[in-house]
Every structure is written in structure tokens, then in C-alpha cells.
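Structure first, then comments.
The values are calculated or read from the model by the stated rules, or taken from the named source; none is laboratory data. Please read these numbers as outputs of a predicted model, since none were measured by experiment. For neighbour counting, all protein chains shown are included, and Cβ atoms are generated from backbone atoms with ideal geometry for every residue, glycine included. We work out accessible area using only protein heavy atoms, side chains counted, and drop any ligands, DNA or RNA first. Shrake-Rupley method; radii C 1.70, N 1.55, O 1.52, S 1.80 Å.
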Amino acid sequence: MVASKAKILRFIAESPSKVSFSSLKRHFNDTQPCNPKELKRLVASLIQAGQLCYSSHFGNSFIEISYDQPQAVSEHVVLKPPFSSLEALPGHCVVSLGRGAAFGGGEHPTTRLAIQLIDAVLHLPNWQERRHACRAIDIGTGSGVLAIVAAKMGVGLVCGIDSDPCAVFEANHNVRLNHVEGRVKIFHDDLEKISGSYDLVFANLRMPTLFKLWSVLEKKVANDSILVFSGLKSEETKLICDFYETVGFFVHQKRAEKGWSAICFARGSFLDEGAAPM
């Protein structure tokens, strides 16, 4: 296969696992020999253009999509660094995300997967009017990106909570960057201390925490509610699905990328006949 910039970007974006230069070379050598010097030149050109970047994981180098420029992460959501200028298209939202000490700019697959599910749910036909009256909570809000996306898509009130003071500082900064202070409130608090009932719950957390959440969460979620859980390894999804189905939810959608998974659960009458589970 003859390498090109477009093919390199597509392969790295769609690969289910991290891509090293060796695996990139193997991919393009599958059908015909690939000139490694030309491949290096193309990769270097994409890095210089800010479209790719190198990352290190356990001492190994990988090539990844760069989030130092605007990137579409779902059908209606673009993430961008604060210094980049980009106008949102009608029906879309652009989220400015600062790169702080605690969190990056949305590079991790679990962030993208959660945004994709939130985007899909909030664009179901029966949500056009309903979402403005909804309350959402983002547990372990981190950069605040999930809360900001929900607010920009019209959710009436979003509460973001985190136990890390650095995360709370950065989330508040991103809330101000996106001018959603009227809809998003960030708290340095535990879930147990947050009052109110919520229609939408977001949690990009690891599996043990997602199990433990329910003992507190069951007192916080409305009868008609949606849960969007990310932060799961692909092999962990069945355990989480089985557990939350026993407490009355069904799996509406799943997404996966590079060994990570996210799940959207629903219960009650939140989904109409046109939004059958997938």
C-alpha cells in the first residue's frame, strides 16, 4: 500500500491500539514494499503541521493524533486549544480546553468515547425540548469537558464534582473559557454531599469505582435517567453491564476505541420508540 498523509492519519485514528512507527511500517508493507525514508518524511511533515505527535508509554514511543489543533471528536463536537480560533457550525459546538497540570486536551480515548455517547443521547429526537429542563452531574469531572459539552448542547444545569483540587481549578478555568458559568457549577466535594436529583450522570472512571458508585448514586438519579460510563477496558464492559442491568438499567449504546470502552445505560421513559436500545 502506498503511504500518504491522509492514509497515515486515518490508520492512526482508526487503529484499535497504539501505533508505533514499526507497526505503521508493517501496515503499509502489507500489500507492497514501503520506503521507510518516505514514510518517516510523511510522519515528520504531519508532526510539524501539528496533526500528529509522539507519546511515550512505559518507555515505548508511539505516534498519535495531536490535539494541539481543533479535532472533531464526535458528530457535533470539536475540541480545540484556547489559542485556536474556530467558529462553530450551526448545530455543532466547539469546546476550548486548556492543557493543565492534571489533564490534557482530550487526547485519551475514554474522553472521546464519553463525548460521543453524550452527543448521541442529546440528539435523540425526543430531547429537543426536554434537555433544557434536565439536570446532569459529572462525577470525577477532571478538565470539566463532559460537563461543558452537555451545557453547550443545551442541558439546563450541570454539576461537576472532583476530589482533586487541581482538577477543580482547571475545570473552573475551562468553564470560564467556554462562557458556561451560568449552567455549569464545579464543586470540590464527594458525591454523598451533593444534593438534588439528576437525569443524566457522566462518569469517566475505572471499573472498581463505577461499581462502588451505585450505593450512593441510587439516591441521586431520577426514575427516568441516563448513565454514561467511560474509563473501562473492553474486557470489563460485561461485568458493568451485568451489574447495572440488575438494578434496572438497560444498555442503550456502547462505543470502543483502542482497548477502551464506554457504555450508555437508560431506564424509565427517557427513550421513546424511535430510540430503541443498541
Legend entry - Exposed chymotrypsin sites (Phe, Trp or Tyr not before Pro) absent: longest stretch of the chain, with sites in DSSP loops and at most 15 other Cβ within 10 Å deemed exposed: 84-278
Legend entry - DSSP bridge pairs, the chain: antiparallel proportion in percent, nearest 5: 50
Legend entry - Long-range HN-HN contacts of Thr141 with modeled amide H, under 5 Å: Ile161, Asp162
Inset, instruction - Would you mind checking Lys193/Lys219; Lys212/Lys258; Lys5/Lys37; Lys185/Lys254; Lys80/Lys152 for any pair whose Cα atoms are more than 22 angstrom apart? - result: Lys212/Lys258; Lys185/Lys254
Inset, instruction - Indicate the gyration tensor shape class of segment 150-278 (rounded, prolate or oblate), computed on the Cα atoms with a ≥ b ≥ c the square roots of the eigenvalues: a/c under 1.5 is rounded; otherwise a/b larger than b/c is prolate and the rest oblate. - result: prolate
Inset, instruction - At 20 °C and 1.002 mPa s, grab the translational diffusion coefficient of segment 47-115 from Stokes-Einstein with a Kirkwood Rh over Cα pairs, rounded to a whole number in µm² per second. - result: 165
Inset, instruction - Please identify every one of the trypsin sites (Lys or Arg not before Pro) in segment 205-254 that sits in a loop by DSSP and has no more than 15 other beta carbons within 10 Å of its own beta carbon. - result: Arg206, Lys219
Inset, instruction - Leaving ligands, DNA and RNA out of it, report the carbon-plus-sulfur percent of the accessible area of segment 155-253 at a 1.4 Å probe. - result: 56
Legend entry - Percent RCO, i.e. relative contact order, over segment 1-78, from Cα pairs under 8 Å lying at least 6 residues apart: 32
Legend entry - Whole-number percent relative contact order across segment 188-261, with pairs defined as alpha carbons under 8 Å at least 6 apart: 32
Inset, instruction - Kindly identify segment 1-91 as rounded, prolate or oblate by the Cα gyration tensor criterion: order the square roots of the eigenvalues as a ≥ b ≥ c, call it rounded if a/c is under 1.5, otherwise compare a/b with b/c, prolate if a/b is larger, else oblate. - result: prolate
Legend entry - Dipole magnitude of the chain, debye to nearest 20 (Cβ charges: Lys/Arg +1, Asp/Glu -1, about Cα centre): 820
Legend entry - segment 119-161-segment 196-233 distance, computed between alpha-carbon centres (Å): 14
Legend entry - Where the chain is the region considered: accessible area per residue in Å², 1.4 Å probe: 48
Inset, instruction - Roll a 1.4 angstrom probe over the protein heavy atoms and tell me the percent of accessible area of segment 52-111 that is carbon or sulfur. - result: 55
Legend entry - Net lengthening on full extension, Ser56/Val2 (0.36 nm per residue, minus Cα-Cα): 16.7 nm
Inset, instruction - Find how many whole Å separate the alpha carbon centroid of segment 1-48 from the alpha carbon centroid of segment 235-256. - result: 36
Inset, instruction - At most 11 other Cβ atoms within 10 Å and a DSSP loop assignment: could you name the GluC sites (Glu not before Pro) in segment 126-211 that fit? - result: Glu129
